[in-house]
Amino acid sequence: MATVALENLRKSYGKTEVIHGVDIDIADGEFIVIVGPSGCGKSTLLRMVAGLETVTSGEVRINDRAVNDVEPMDRDIAMVFQNYALYPHMSVFDNMAYGLKIAKVPTDEIKKRVDTAAEILQLEPYLTRRPRELSGGQRQRVAMGRAIVRKPAVFLFDEPLSNLDAKLRVQMRLEIKSLQRDLGVTSLYVTHDQVEAMTLADRMIVMNAGVADQIGKPLDVYSDPATEFVAGFIGSPPTNFLQAKRLGRHIEDGAKIGIRPEHIRLVPQTETDLAGTVVYSEPLGAETLVHLKLLDGQDATVRQDGALPIPAEGETCGLSWEPASEMVFGKGGSRIRS
Amino acid sequence: MEKRVTFKGIWLPLLLVAPQIVITAVFFFYPAGQAIWQSLFIPDPFGLSMQWVGLGNFEFLLSDRFYRASFLTTAIFSILVTVVSMGVALYLAVLADRLIKGSGTYRTLLIWPYAVAPAVAGVLWLFMFNTRVGVVTWYIGLLGYDWNHVLNEGEAMGLVVVASAWGRISYNFLFFLAGLQAIPKSVIEAAAIDGARFWTRFRTIVFPLLSPTTFFLLVVNIIYAFFETFGVIHTITGGGPQQATTILVYKVYADGFVGQDLGSSAAQSVILLLIVSVLTVVQFKYIERRVHY
Ligand SMILES: Nc1ncnc2c1ncn2[C@@H]1O[C@H](COP(=O)(O)OP(=O)(O)OP(=O)(O)O)[C@@H](O)[C@H]1O
Ligand SMILES: [Mg+2]
């Protein structure tokens with residue numbers, strides 16, 4: 001069991017800095033998800049924790065021990081790779097046993113641990129197969145098995161589910177979550193999928209171009225985003241951003257009002273100053289997404305209950321929301337709180 | 001649909017493949033046929049008539065002490081050449097694979113020896129190790145060792161092995177490097193996280209995954225050592241001292257062209273032909289299913 005701490009962690013490739021100083025203290029057993037768009041530095045951050053990438057400056061600590069100069073094998077971690085990185089010339093059993101054999105664990109203990117892992121992951125029928133004789137989902141499980149048999153202090157996952165189809169992804173997501181709960185192993189999980197992040201994380205790190213824009217519990221991040229980027233990235237459909245000036249507000253030049261689709265109500269045009277034309281509606285059953293073009297040309301999306309009448313295309317509606325659900329962002333994207 | 005060019009009639013396609021067929025016929029089938037034919041006769045000393053002896057030449061060869069010694073020499077020579085050239089090439093390829101900066105230059109420099117013809121390579125090494133004027137001989141002499149491959153059988157063998165292996169390293173290096181680079185980086189990283197240090201990773205992951213390349217090179221290098229090292233041996237030792245470096249191919253030349261024993265020489269060619277056929281079959285059979293994991 002372990003704590004992990006990152007302190008002003010930075011990474012440069014040559015002269016370009018790609019991670020601009022990340023700080024976080026991770027508690028024992030906590031599930032941390034690093035989420036962000038492609039190229040924002042998620043993998044780089046994770047690989048620095050793994051020891052696969054050198055740290056340019058700052059510090060990585062595992063159990064209060066600085067590990068910047070410690071080799072990956074001496075960090076007591078296990079990692080699941082996006083492409084699984086199974087050993088192609090070894091059977092499923094040997095893939096899982098590899099780390100234990102190197103650690104000189106007694107043979108009967110190895111067998112016991114691999115069998116247990118295989119049982120948990122439903123891999124028992126495949127133990128003698130080679131990785132190429134498995135489906136994507138089964139390979140994914142083998143990669144998980146390889147990580148858990150070693151009973152490491154920290155699990156690292158780099159987009160482990162991104163090669164699976166949607167249904168399997170949901171299923172594996174649940175399995176990973178319950179596995180991590182049962183084992184209580186501190187975990188860092190990288191994904192670009194915000195649903196995965198919301199459902200798995202105890203706390204999440206939202207990365208934006210090498211900066212941790214916000215670190216917090218999923219629902220806190222959702223309801224109280226620290227930056228325009230976070231408000232736009234977390235939540236689907238994303239937050240609507242409207243120019244404050246055009247709404248007749250005078251906050252600062254370039255300020256925007258962010259408002260989540262579910263916080264906007266469609267009302268008769270007479271009840272409000274703000275109106276828009278329906279471009280199209282997407283009835284999804286439980287809810288309906290209504291895409292509008294405001295009269296001043298800005299776009300907005302409204303999410304309303306599926307039971308409400310679906311507005312017709314071309315219809316003009318009024319938009320209304322509670323002032324409390326407004327989020328104000330300055331020109332640089334940071335939140336302005338009044 | 002695959003698009004194919006089809007020819008009407010037979011003459012044009014025949015004309016197009018004719019040069020290759022003619023070359024193969026003139027330089028391979030004709031001499032091979034000649035060798036098989038001649039191996040069944042003994043010509044008289046003046047080359048005026050031939051006497052049919054059936055498999056007599058072969059019987060004689062297989063019971064000949066010198067021929068059997070040459071077999072052993074060939075075995076030792078080709079094993080050494082293969083092991084040295086592949087070992088060094090693998091070592092260099094592992095280094096180059098880890099190198100990030102300047103690997104291009106490194107690679108280019110390593111490829112150069114491949115462009116040197118065996119006979120030229122032989123002369124080069126001969127100069128360096130010349131018993132009287134060789135640079136290396138002189139330096140070894142300073143260390144108190146008297147190098148003389150003209151008299152010492154072991155030294156002669158060592159020199160032809162090194163000279164033959166040297167030109168081969170580039171070729172092996174290229175294949176090994178390509179093989180190494182085809183191994184996914186994440187597999188190596190996974191092994192590192194699993195606790196395997198460099199040497200363990202090499203032994204349990206890299207080398208097994210490299211085995212198709214290794215096997216291919218093994219066959220190719222043995223064929224090289226058997227047949228293409230003639231130039232090196234001819235320039236450096238001429239098969240001597242005594243018969244210490246007379247490999248089978250060299251013996252064909254020595255017995256046939258120098259000793260003028262054409263019947264025996266032809267029989268030796270036929271035996272070599274059989275050996276190379278077997279090696280080729282082994283190689284093709286293996287390459288067909290070279291991905292074994
Ligand atoms: N070896 C490298 N040399 C130079 N730049 C690199 C190297 N590796 C990554 N980068 C850069 O660092 C940045 C972060 O890369 P990283 O792989 O961490 O992104 P990511 O968030 O994991 O993206 P994805 O979701 O696509 O995997 C990218 O801009 C990338 O171009
Ligand atoms: Mg990545």
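The values are calculated or read from the model by the stated rules, or taken from the named source; none is laboratory data. From a predicted model like this one, the values you see are computed outputs, not experimental measurements. A quick note on method: Cβ atoms are made from the backbone with ideal geometry, for glycine too, and the neighbour counts reach across all protein chains shown. Side chains included, ligands, DNA and RNA excluded: accessible areas come from the protein's heavy atoms. Shrake-Rupley method; radii C 1.70, N 1.55, O 1.52, S 1.80 Å.
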Quick calc, chain A, dipole around Cα centre from Cβ unit charges on Lys, Arg (+) and Asp, Glu (-), nearest 20 debye, gives 940
Which longest uninterrupted range of chain B lacks any trypsin sites (Lys or Arg not before Pro) assigned by DSSP to a loop state (not H, G, I, E or B) and surrounded by at most 15 other Cβ atoms within 10 Å? B:9-100
When the accessible area of the range A:199-338 is split by element with a 1.4 Å probe, what percent falls to carbon and sulfur? 51
Is it possible to state the helix-based mean residue ellipticity at 222 nm for chain A, with each DSSP H run of 4+ residues giving -39500 (n - 2.57), the sum divided by total residues, to the nearest 500 deg cm²/dmol? What is it? -7500 deg cm²/dmol
Within the range A:125-252: Cβ-based charge dipole about Cα centre, in debye rounded to nearest 20 (Lys, Arg +1; Asp, Glu -1): 560
Note to self, chain B gives a 222 nm [θ] from helices alone (DSSP H runs n ≥ 4, -39500 (n - 2.57) apiece, / all residues, nearest 500) of -21000 deg cm²/dmol
In the protein assembly as shown, if the dipole is taken from +1 on Lys/Arg beta carbons and -1 on Asp/Glu beta carbons about the Cα centre, which of B:Asn221, A:Leu121, A:Leu294 is farthest to the positive end? B:Asn221
How many percent of the accessible area of the range B:57-291 is carbon or sulfur, using a 1.4 Å probe? 70
Part-to-part distance (alpha-carbon centres) for the range A:101-122 and the range B:168-231, which is given in Å: 30
Counting only other chains, what is the mean number of Cβ atoms within 10 angstrom of the Cβ of each residue in peptide A:77-85? 4
Selection of chymotrypsin sites (Phe, Trp or Tyr not before Pro), the range B:1-92, meeting DSSP coil and at most 16 other Cβ within 10 Å: B:Phe7, B:Phe46
So for chain B, averaging the separation of alpha carbon pairs under 8 Å that are six or more residues apart and normalising by length, what relative contact order in percent results? 27
From the convex hull of the Cα coordinates of the protein assembly as shown, what is the mean projected area in square nanometres? 46.8
May I ask you to find the residues of the range B:183-203 that are shielded by at least 40 Å² of accessible area once the whole protein assembly is considered instead of their isolated chain (probe 1.4 Å)? B:Ser186, B:Val187, B:Glu189, B:Ala190, B:Ile193, B:Asp194, B:Arg197
Would you mind working out the accessible area per residue for chain B, using a 1.4 Å probe, and quoting it in Å²? 58
Ignoring ligands, DNA and RNA and using a 1.4 Å probe, state the total buried accessible area between A and B in Å², rounded to the nearest 100. 1900
Averaging sequence separations of C-alpha pairs under 8 Å and six or more residues apart, then dividing by the length of chain A, give the relative contact order as a whole percent. 16
Estimated FRET transfer efficiency when R0 is 45 angstrom, pair A:Ala166-B:Tyr106 (beta carbons, to 0.05): 0.45
Go through A:Lys15/A:Lys42; A:Lys177/A:Lys217; A:Lys42/A:Lys177; A:Lys11/A:Lys167; A:Lys15/A:Lys331 and tell me which ones have a Cα-Cα distance over 24 Å in this structure. A:Lys11/A:Lys167; A:Lys15/A:Lys331
I need the peptides B:236-247, B:256-267, A:266-277, A:137-148 ranked by packing, meaning the mean over residues of other C-beta atoms within 10 angstrom, with the highest value on top. A:137-148, B:236-247, B:256-267, A:266-277
Magnitude of the charge dipole, the protein assembly as shown, Cβ model with Lys/Arg +1 and Asp/Glu -1, debye to 20: 1220
Hey, rough spin-label estimate for A:Asp69 and B:Phe215, points 7 angstrom out along Cα→Cβ, what's it come to in nanometres? 4.5
Using amide H atoms built in the peptide plane, which far-off residues or other-chain residues are under 5 Å from A:Val211 H to H? A:His20
